[in-house]
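Read the figures in this text as sums done on the coordinates, not as results from a lab. These figures come from a predicted structure and were not determined experimentally. All Cβ positions, glycine included, derive from the backbone under ideal geometry; neighbour counts span all protein chains shown.
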Amino acid sequence: MRYFITGATGFIGKRLVRKLLEREGSEVYFLMREASADKLPALLAFWNPQRASAIPVRGDVRAPGLGIDAREAAALAGGIDHFFHLAAIYDLKAAPEAQIVTNVDGTRHAVELANALQVKHFHHVSSIAAAGLYEGMFREDMFDEAEHLDHPYFSTKHASEKIVRTACAVPWTVYRPGMVVGDSRTGEMDKIDGPYYFFKPIQRLRRLLPQWMPAIGIEGGRINLVPVDYVVDAMCHIAHQPRAGGECFHLTDPAPLRVGTVLDIFARSAHAPALSLRINAALFGFVPDAVAKGVMAMKPVRRLKDALMRDFGLPDGILQFANYPTRFDNREAARALEGSGIACPRLEQYADRLWDYWERNLDPELFVDRSLRGQVEGKTVLVTGGSSGIGLATARKLAEAGAITLICGRDAGKLAAARETIRARGHDVLTYQVNLADAADCERFVQTLIANHDGVDILINNAGRSIRRPIEASFDRLHDFERTMQLNYFGALRMTMGLLPKMMERRAGQVINISSIGVLTNAPRFSAYVASKAALDAWTLCAASEFADVGIKFTTINMPLVRTPMIAPTGIYRDVPTLSPDEAADLVVRAIVDKPVRIATRIGLAGQGLHTVMPHAAQIILNTAFRMFADMEPAAKEGEKAAPPLSAEQRAMQQLLRGVHF
């Protein structure tokens, strides 16, 4: 038996070809565009061992006569038993023009060729989308009753099926599969579409909440999902039954599940929280269209909605499936499949395989370069305070990743030593001596950076000064607060505002501010330091909002205690659990790669939450720590008596408040 197939390189098509090749004596001619020729070796391997019976025919579904050479068409005339037309765009994100050219014009060209070749039977693979958003039960003998065909995917599928019904001069059969998902046995799928668009939100929910915590979902309408293997088996079986033509078969799930149930099944497969607290999406139907359109027309609402859709990778129009109104009667298909053993499996039986395949092969995050090199190679990165501690460790990682690494500091000797340290590892940095607490020197440095490097791509405001002193010992030391603010706040601000204009020109850039866990926990004895960092944090949030639409990212790292020269004078920090400079630099790397708004430890976030929810309790805990370490002074100088060892109670408090300054 001889077959001709369009769309044989597609997800359904290549499986149908393999199924047909398994039939004894079969010969399959398949349309292949010149641009898809590189797919041929993989296709033949997929069809092995029947590959010899698969014969490519050069052409293009978008061209009249499918672009087939006249001599090849003449050789095929009168000899094709079954012509399967699958070539189409099955993508809600596709542009309307592309869908019209492929879905509508392509079907017209296929029908014209089938008529010219006088094939014995023409099989058109349509979709349940041809029904539009019909309210109620859509039978297999219904077509003109389709309604709400506004979306281009719906309208083009309806129009292409109409061409078959009105222009096909040979016997024809139409198949309307439901929303096709991966193989029920292997989970294999070729792209993200349909319910797969919701996998990323489910994955993010899993990262945010423990599995035992119930989450809010929607109830919604019923959505008809079918695995690709069922569609192929059913279509192949029905096509080889003796039929006069003019029939339509719904290859659908006879007992479709509600949207909320579908999402809950996939949430269980993902080991995410159950979406058991469901809101019936039909409630939104009570909102008058004029009101809904008026709200969505508001610029802030529209931009927020677009940003969320873009962030989750959801296409326009996907939300209308939340209240999908159409049910599909498939009695004719069931009758045709009776006794064959072919039936649509329940989603619960294969959802785990779909999720596993998506997470291993299709998750968009798999295709994002998460390496530091991928983010900074060839880019100019400035690390202030880069001659020691966190700054030096960060600069070393940046230089190793191929960044044009700049470091600055006050001490020329330390800068030279830092450069030699990095050079010893086979890399290099450029050093600049500057006092960031001095406005004039800071301005000079900014102009030098613009002249020498045309600005920077990434600015890491790491330089800082810390003072550990209780307020009652600072009544006559206002200059401590002024000095701290000059470097930690105004120094970082001068650098950022001086370099932002160049980032704006490029519509790209990132500012990373090394803040402190103290801003979240409000630890005593560090009022000067915490206040300066809190000011920078607040300014950063304001700036992030202003520059959100010009491609500039801002990240704040509320760094816990790090074992650097800054904390060396404080004796009680000798045995305190701290991060090493390398571990702190890893947080900076994470900021560059992932570009989050904030990076903080669990203790820091817990402290912030406690201050918000139970401020009095937070004060009691911190006051207890403050009084507990009241007699602990900085490390003894040479010749002075060493501080007494920590008590068991003090060590326990240090462990409880890991990384917190006190």
Next on the checklist: Let me see the P(r) profile for the range 17-86: every Cα-Cα distance counted, bins of 10 Å, each bin given as a percent of all pairs.
Outcome noted: 18, 51, 30, 1
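Taking the Cα centre of the range 376-512 as origin, sum charge times position over the Cβ atoms of Lys and Arg (+1) and Asp and Glu (-1), and report the length of that vector in debye to the nearest 20. Please list the in-between numbers first.
Numbers: 18 positive and 15 negative charges, 54 e Å.
Value, rounded to 20: 260 debye.
For every other residue with a beta carbon closer than 11 angstrom to the beta carbon of I223, add +1 if it is Lys or Arg and -1 if Asp or Glu, then tell me the sum.
Values: positive: R222, R258, R327; negative: D253.
Spelling it out: positives minus negatives among the neighbours equals +2.
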Checklist entry - What does the highest-first list of 536-544, 193-201 look like by mean Cβ count within 10 Å? => result 193-201, 536-544
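So which GluC sites (Glu not before Pro) in the range 391-479 pass both tests, a DSSP loop state and at most 10 other Cβ atoms within 10 Å of the Cβ? Provide the component values of the computation, followed by the final result.
Values: sites: E400, E420, E443, E472; in loops: none.
When the GluC sites (Glu not before Pro) of the range 391-479 are filtered for loop state and at most 10 Cβ neighbours within 10 Å, nothing remains.
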Next on the checklist: Give me the net charge for the shell around Q203: Cβ to Cβ below 9 angstrom, other residues only, Lys and Arg +1, Asp and Glu -1.
Outcome noted: +1
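When only C-alpha pairs under 8 Å and at least 6 residues apart count, what is the relative contact order of the range 2-367, in percent?
Details: 660 pairs, mean separation 64.9, N = 366.
Worked out over the range 2-367, it gives 18 percent.
Going by average Cβ neighbours within 10 Å, how do the peptides 211-223, 511-523 rank, with the highest at the top?
Details: 211-223: 16.4, 511-523: 25.9.
For the peptides 211-223, 511-523, the packing ranking is 511-523, 211-223.
Direction-averaged shadow area of the convex hull around the Cα atoms of the range 2-367, nm²?
On the way: hull surface 76.1 nm².
In nm², the orientation-averaged hull projection of the range 2-367 is 19.0.
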Checklist entry - Considering amide H positions built from the backbone, and no H for Pro or chain starts, which residues 5 or more places from R525, or on another chain, come under 5 Å of its amide H? => result I471
Next on the checklist: Suppose R0 equals 35 Å. What FRET efficiency, 1/(1 + (r/R0)^6) with r the Cβ-Cβ distance, do Q50 and L366 give to the nearest 0.05?
Outcome noted: 0.60
Checklist entry - Going down the table (K14/K191; K120/K162; K14/K120; K379/K553; K157/K200), which pairs top 24 Å between alpha carbons? => result K157/K200
Next on the checklist: Which order do the peptides 365-373, 243-251 come out in when sorted by mean C-beta neighbours inside 10 angstrom, highest first?
Outcome noted: 243-251, 365-373
Checklist outcome for this item: Which residues qualify? For A8, with a placed amide H closer than 5 Å and at least 5 residues away or on another chain, they are L31
